[in-house]
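Asks: Quick one: structure below, then a few questions.
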Amino acid sequence: MRIAIFTDSYRPYTSGVVRSIETFSDELNALGHKVYIFAPRYSQSKPQEERVFRFYSLPSPTNPGYNIAIPISLRLRSTLRQLKIDLIHTHSPFLLGRLGARAARDLGLPLIFTYHTLYDHYVHYFPVARNFTRKVTQRLCVDYCNRCHRVLVPTWVIGNYIKNLGVKTPLVKLPTGIKVDEFRRGIKGWLRQRLCIGDNEKVLIFVGRMGLEKNIGFLIRAFGIAVNKVPKVPMKLVLVGGGPETENFKRLAGSLGLGGRVVFAGPVSKEEVAHCYADADLFVFASTTETQGLVIGEAKSAGLPVVAVDAFGVSEMVSHGEDGYLTPLDEHMFADSVIKLLINDHLYRRMSANAYTKAEELSARAQALRLEKVYQELLQNKA
């Protein structure tokens, strides 16, 4: 089977979407299929990447490090024919996603779309007319979904959400798989040595983009509450990742007197993320816009219990009371859940063991086999 992936996000940019594409592509290639990627070009892009086709692109004015592709190609259809593509799978309802959809229509190929992102919850990147922008974004997403033969959703919470918006296309729940073993090979001591954190200090870790949508201000304030409630428990909050709001979050931590306790580790490589998890005690997550929360599965693979805000896709990634806690959007309740895990060794060990075990349910190979079945059904229907 030959699959063409169209995406507005791809390496060297890092995100959950990019990780999802890489994980599924690796597994599908290992199963004997051929995956071809159509993505934006970056100055750091390798001159020749096997099965990767780059489009001329421009830097985003509102998202440093992210490039916006120009979705124009006079050779696209002939290239797809030459590659003998069987189906097209898009990972964005905009730009290259729409280009892929037009190509699928013109060539009579099945079209699949993965609904990775609650796009209407990202209107804070628009400086004006946010309510209008939200409604337009919702309409564009719904119309795009209804042009597809299948829409994949990482959780049924997201599936029900887009159904209520007006999506009629058949939905398939298919979370992004996780290469569990990769996150169990972390080197103990790597993060603590790098950031000068003592062995006796509890490490709360967040991995992700330093953007408003990740609700990191909430994490910092909740952490401050936890520090004040149990001053005898030495702890640090380590924020791993880069993004446009980094300096603002640093100022917030400083204004709360947490400058020495909130550590900004910056971006790290995919391999180094495992080392970060290996040195942490607890994973914390406060985003209210996630369709899945892939990093939660990664953290659980390393045996980290999770404290997260109960919202959208995250609610299906954490089993409340078993491998972590889901809390309302309340900083004091979030802090109390963190404290409960840090001061109760028996509870912590039980939840850590459960997190480690439950991560197996999201293995990358299992999810790729399910995706392969979706592809096969569509090709049979086409025949």
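Asks: Name every residue in the stretch 148-189 that is surrounded by fewer than 18 Cβ atoms within 10 Å (Cβ to Cβ), touching a strand residue (DSSP E or B) at 6+ places or on another chain (Cβ under 8 Å) and closer than 26 Å to ARG105 by Cα, in order of residue number.
Replies: LYS163, PRO170, VAL172, LYS173
Asks: Here is a follow-up. Counting just the residues of the stretch 252-281 that are part of a helix (DSSP H, G or I) and of a type in the set (Asp, Glu), which one comes out farthest from GLY189 (Cα to Cα)?
Replies: That would be GLU271.
Asks: Now for a different question. SER78 versus (1) within 30 Å of GLU290 (Cα to Cα); (2) at pLDDT 95 or above; (3) assigned to a helix (DSSP H, G or I); (4) not β-branched (Val, Ile, Thr): which is the lone unmet condition?
Replies: Of everything listed in (1) within 30 Å of GLU290 (Cα to Cα); (2) at pLDDT 95 or above; (3) assigned to a helix (DSSP H, G or I); (4) not β-branched (Val, Ile, Thr), SER78 misses just condition (1).
Asks: Return the residues of the stretch 12-53 that are charged (D, E, K, R) and under 16 Å from LYS179 (Cβ atoms); say none if nothing qualifies.
Replies: ARG19, GLU22, ASP26, GLU27
Asks: Here is a further query. Among the candidates LYS188, LYS202, LYS214, LYS232, single out the residue that is free of Cβ contacts under 8 Å to residues at least 24 places away in the same chain, charged (D, E, K, R) and not assigned by TED's automatic domain parsing to the domain that holds SER60.
Replies: LYS232
Asks: Hey, can you tell me all the residues within the stretch 22-38 that are hydrophobic (A, V, I, L, M, F, W, C) and either buried (at least 20 other Cβ atoms within 10 Å of the Cβ) or over 13 Å from LYS373 (Cβ atoms) (or both)?
Replies: PHE24, LEU28, ALA30, VAL35, ILE37, PHE38
Asks: If you go through the stretch 151-172 one residue at a time, how many are of a type in the set (Lys, Arg), in contact with a Cys (Cβ under 9 Å, 6 or more places away or on another chain) and assigned to a helix (DSSP H, G or I)?
Replies: 0
Asks: Among the residues of the stretch 251-266, is there at least one that is within 21 Å of ARG11 (Cα to Cα), more than 16 Å from the chain's Cα centre (by Cα) and assigned by TED's automatic domain parsing to the domain that holds PHE206?
Replies: yes
Asks: Continuing with this model, one more query. Scan the stretch 171-196 residue by residue and report those that are touching a helix residue (DSSP H, G or I) at 6+ places or on another chain (Cβ under 7 Å) and hydrophobic (A, V, I, L, M, F, W, C).
Replies: Selection gives LEU171, VAL172, LEU174, ILE178, VAL180, PHE183, ILE187, TRP190, LEU191.
Asks: Looking only at the stretch 41-65, count how many residues are in a strand (DSSP E or B) and touching a Phe, Trp or Tyr at 6+ places or on another chain (Cβ under 6 Å).
Replies: Taking the stretch 41-65 as the starting set, the residues that turn out to be in a strand (DSSP E or B) are 52-55, 57-59.
Filter again for touching a Phe, Trp or Tyr at 6+ places or on another chain (Cβ under 6 Å), leaving 53.
Residues that pass the stated criteria total 1.
Asks: Next question, about the same structure. Mind checking whether some residue in the stretch 116-127 is within 18 Å of SER15 (Cβ to Cβ), β-branched (Val, Ile, Thr) and modelled with pLDDT of 95 or more?
Replies: no
Asks: While we're looking at this one, here's another question. Is the stretch 274-283 home to any residue that is in the same structural domain as GLU247 (by TED's automatic domain parsing), under 15 Å from the mean Cα position of the chain (by Cα), aliphatic (A, V, I, L, M) and surrounded by 24 or more Cβ atoms within 10 Å (Cβ to Cβ)?
Replies: no
Asks: Does the stretch 205-223 include one or more residues that are part of a strand (DSSP E or B), modelled with pLDDT of 95 or more, of a type in the set (A, V, I, L, M, F, W, C) and surrounded by fewer than 21 Cβ atoms within 10 Å (Cβ to Cβ)?
Replies: no
Asks: Can we say TYR325 is assigned to a helix (DSSP H, G or I), of a type outside the set (A, V, I, L, M, F, W, C) and in contact with a strand residue (DSSP E or B) (Cβ under 9 Å, 6 or more places away or on another chain)?
Replies: Answer is no for this residue.
Asks: Still on this structure: Among the candidates GLY313, GLY303, which residue alone is over 20 Å from LEU237 (Cβ atoms) and either outside any strand (DSSP E or B) or touching a Pro at 6+ places or on another chain (Cβ under 6 Å) (or both)?
Replies: GLY313
Asks: For the stretch 328-383, which residues satisfy the criterion of being outside any helix (DSSP H, G or I) and over 18 Å from ALA308 (Cβ atoms)?
Replies: ASN344, SER363, ALA383 - these are the residues of the stretch 328-383 that are outside any helix (DSSP H, G or I) and over 18 Å from ALA308 (Cβ atoms).
Asks: Cβ-Cβ below 7 Å, separation at least six or inter-chain, first residue in the stretch 329-352 and surrounded by 14 or more Cβ atoms within 10 Å (Cβ to Cβ), second basic (Lys, Arg): which pairs?
Replies: So the pair list comes out as GLU331/ARG221; ALA335/LYS229; ILE339/LYS229; LEU342/LYS202; LEU347/LYS340.
Asks: Residues in the stretch 318-328 that are charged (D, E, K, R) and surrounded by fewer than 20 Cβ atoms within 10 Å (Cβ to Cβ): how many? Reasoning before the result, please.
Replies: The initial filter retains those residues of the stretch 318-328 that are charged (D, E, K, R), namely 322-323.
Now narrow it down to the ones that are surrounded by fewer than 20 Cβ atoms within 10 Å (Cβ to Cβ): 322.
Result for the stretch 318-328: 1.
Asks: Something else now. Every residue in the stretch 282-296 that is under 22 Å from LEU342 (Cβ atoms) and part of a helix (DSSP H, G or I), please.
Replies: VAL295, ILE296 - these are the residues of the stretch 282-296 that are under 22 Å from LEU342 (Cβ atoms) and part of a helix (DSSP H, G or I).
The values are calculated or read from the model by the stated rules, or taken from the named source; none is laboratory data. Keep in mind that this is a model prediction, so the values were computed, not measured. Positions of Cβ are backbone-derived with ideal geometry, glycine not excepted, and every protein chain shown enters the neighbour counts.
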